[in-house]
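Notes to accompany the following structure.
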Amino acid sequence: MKWLWVVAFVAPACTIPYNGTGDRDNGDRARCAPQHSPLGTEVLLQCPGGPAEWRRGGTVLGTSPAPGLALPNASLAHEGNYSCHHPGTGETWATICLRLGYPPSPPAIECWATSYPQAVNCSWALTPDPLLDTDFVATYRHGTDTGECERTGPRSCSFGDLQVFSLTPYVVNVTAVNPLGTASGILPFLLENIIKPDPPEDLRVSPIPGETTKLLLEWSPPASWPFPEYFPLKYHLRHARDNDSVPTTIGPFELTSHILTDVEPGTLHHIQVAAKEVADFGESSAWSPLASGTPWEGP
């Protein structure tokens, strides 16, 4: 019954938020032996002596028999720095930094060629989030060629030296590693199937002098699209009058300008433009930010 009393006392007496406040960042951390355990399981904090007095930070939790202190159904509230001591002298036998989380799940990978044909950009997510420091190794394979996918962020990478119109798929592999385990995810794809330009830029909506029912629309290809003269884009336009709930989509157009006709005179119109590879490979970009304008209203 004593052991059960100690365990019940732990949770309410010592609540350590996961955001890093409390005793997890105090000076004892440098002397702690790290212990990583899965959330929601029974965690055993072991002490090298026999029955021991357990403390968390400066709080005495009670005495627990060997082999150590059991924390049933461990939650983030149990994270922190624990120490076990001789029950009589108070001599410290061990100090443990408890960190809780999950082993990594296979990374869910997404890749897009936003700067085709120069590079492929990939990112990935883990569900659930492991909550522990997790490292990643990202590589790619194309036939017998292999290489590193160079990290561009905590969960993203990029690689180049691409072979266009190849019928051999690229395969991206991302391996996640943390103290509780390892998991890998792969994504095979044909290069042209993942083309997705960034949205067009610098959309301008201008009145045309003398034209009360027309608007001049002009824009630029996305700066990330490196060779629009060799790998052209086509564009769709989306427009709506002010307060209209359903926009009208027109296109495609291969030029970077268009005259919108049959516009209601004196009415504010909102315009967006999206881009796609001219031969219809891959997917369309997201819509550009809104630009607005009103037709010419006379001198």
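The values are calculated or read from the model by the stated rules, or taken from the named source; none is laboratory data. The shown structure was predicted, so the numbers you read here are calculated from the model rather than taken from an experiment. Reconstructed Cβ throughout: ideal geometry from the backbone, glycine too, with neighbour counts over all protein chains shown. Side chains are part of the model used for accessible areas, which takes the heavy atoms of the whole protein and leaves out ligands, DNA and RNA. Shrake-Rupley method; radii C 1.70, N 1.55, O 1.52, S 1.80 Å.
Conditions tested, residue by residue: (1) more than 25 Å from ALA286 (Cβ to Cβ); (2) open to solvent by 50 Å² or more (accessible area, probe 1.4 Å); (3) in a helix (DSSP H, G or I).
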position	(1), (2), (3)
THR152	no, yes, no
SER158	no, no, no
GLN163	yes, yes, no
LEU167	yes, yes, no
VAL171	yes, no, no
THR175	yes, no, no
SER184	yes, yes, no
ASN193	no, yes, yes
ASP198	no, yes, no
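Every listed requirement among (1) farther than 16 Å from SER184 by Cα; (2) open to solvent by 20 Å² or more (accessible area, probe 1.4 Å) is met by SER105 save one, (1). Cβ-Cβ distances below 8 Å connect the following pairs, each with a first residue in the stretch 30-57 that is closer than 20 Å to PRO128 by Cα, a second residue that is of a type in the set (Lys, Arg) and part of a strand (DSSP E or B), and a separation of six or more residues or different chains: HIS36/ARG99; SER37/ARG99. Scanning the stretch 42-56 for residues that are open to solvent by 50 Å² or more (accessible area, probe 1.4 Å) and assigned to a loop (DSSP other than H, G, I, E, B) gives GLU42, PRO48, PRO51. Just one of (1) open to solvent by less than 40 Å² (accessible area, probe 1.4 Å); (2) under 22 Å from CYS111 (Cβ atoms) fails for ALA286. It is (1).
Here the condition is being over 30 Å from ALA70 (Cβ atoms) and touching a helix residue (DSSP H, G or I) at 6+ places or on another chain (Cβ under 7 Å); of CYS122, CYS111, CYS97, it holds for CYS111 alone. Taking the numbered list (1) buried (at least 17 other Cβ atoms within 10 Å of the Cβ); (2) closer than 23 Å to SER158 by Cβ in turn, PRO226 passes all entries but (1). On the stretch given as the stretch 57-80, residues that are within 22 Å of LEU180 (Cβ to Cβ) and open to solvent by 10 Å² or more (accessible area, probe 1.4 Å) total 7.
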